[in-house]
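See structure below.
Any read-out appearing in this document is the output of simple, stated calculations on the displayed coordinates, not a laboratory observation. No experiment lies behind these values; they were computed from the predicted model shown. Cβ atoms come from the backbone with ideal geometry, glycine included; neighbour counts cover every protein chain shown.
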Amino acid sequence: MDLLLGAGPAESGRLLLWVFGLLFRPMVLAEQEGENLSGLSTNPDKGIFAVRENGTTCLMVEFAVKLTVPFDVLALNGIDLITEQASLPLPRGAEIEGKCAPTESEIHISWKNNAYTLRIYFSKEFRDKGVEVWKISKVQFVYDTSETSHFINAYNPGKHTASTHRLSALVTPAGQSYVCTAQQTLTLISTDHQKGVTLSMYDIQIQPFDITSDFIFSEPYKCITDQRERLEEALPLVLGFILGLIIVITLTVYHFHLKLTAQQPQLPRDRSMYKNM
């Protein structure tokens, strides 16, 4: 207080701002960090990534990803261009960054010294009858065709960005994690002459909000494809059970029919025998 009283108006204002900055800084800034947990997966193609806020998991992604990226190479005649396809799996050793908020969150997965960066954006919203859901609202993929391990002899190499447009994917009830073993495919449009980049995900479990236990997914919400496949697997068993039940009922009825007919008196077939009766 003595410092404030002895200082001029400008100095007092700066001191007050400094004091308020110290007081409110912990409330405004939340420490967020990304963690790569892929070493815990027994599947060599699958990555496990998490975003943590103040030491608590706020976003988790577990999936296998492959990106198919078209690029141009010069034909042998030195004039025409030929389109090739680069196949990029998501490596387990990728670097992770992310952000968490009550209704929006995101994860950034980078590898090869930031030559490739996959960004996935999530959002919450209310649907019909006030049901709250979360979804993937946007996907971006930044790639560098001058990176020669995947883009060999690329014509006019450089950085490009592929993005989705008006995306609403993996819609899941709030408080649950999305689970799907079947492949899910998204198409991204690139700044490289509007080429279509394909993002394929499978063996998925994702939860961007409402994680109640550290590093543990909440109740799973299975995708429609998995539910259909499970029904198709169970259908032959159900039909076999019904067929077996029909056979048992038929044999049982036939058995009782034989018993009833055996207990009835047998009439002689030779009419001459009636004279002796």
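Here are the numbers for this structure:
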item: Simple label model, 7 Å out from Cα along Cβ direction - I224 to E125, nm; result: 1.7
item: Cross-link table K99/K195; K46/K195; K46/K124; K66/K195; K135/K195, entries beyond 19 Å C-alpha to C-alpha; result: K99/K195; K46/K195; K46/K124; K135/K195
item: Projected label distance in nm at D210 and I79, using a 7 Å step from Cα toward the beta-carbon; result: 6.2
item: Net +/- balance of residues flanking E31 in space, Cβ distance below 11 Å, scoring K and R +1, D and E -1; result: -1
item: Distance in nm between pseudo-label sites at T250 and E104 (7 Å out along the Cβ direction from Cα); result: 6.5
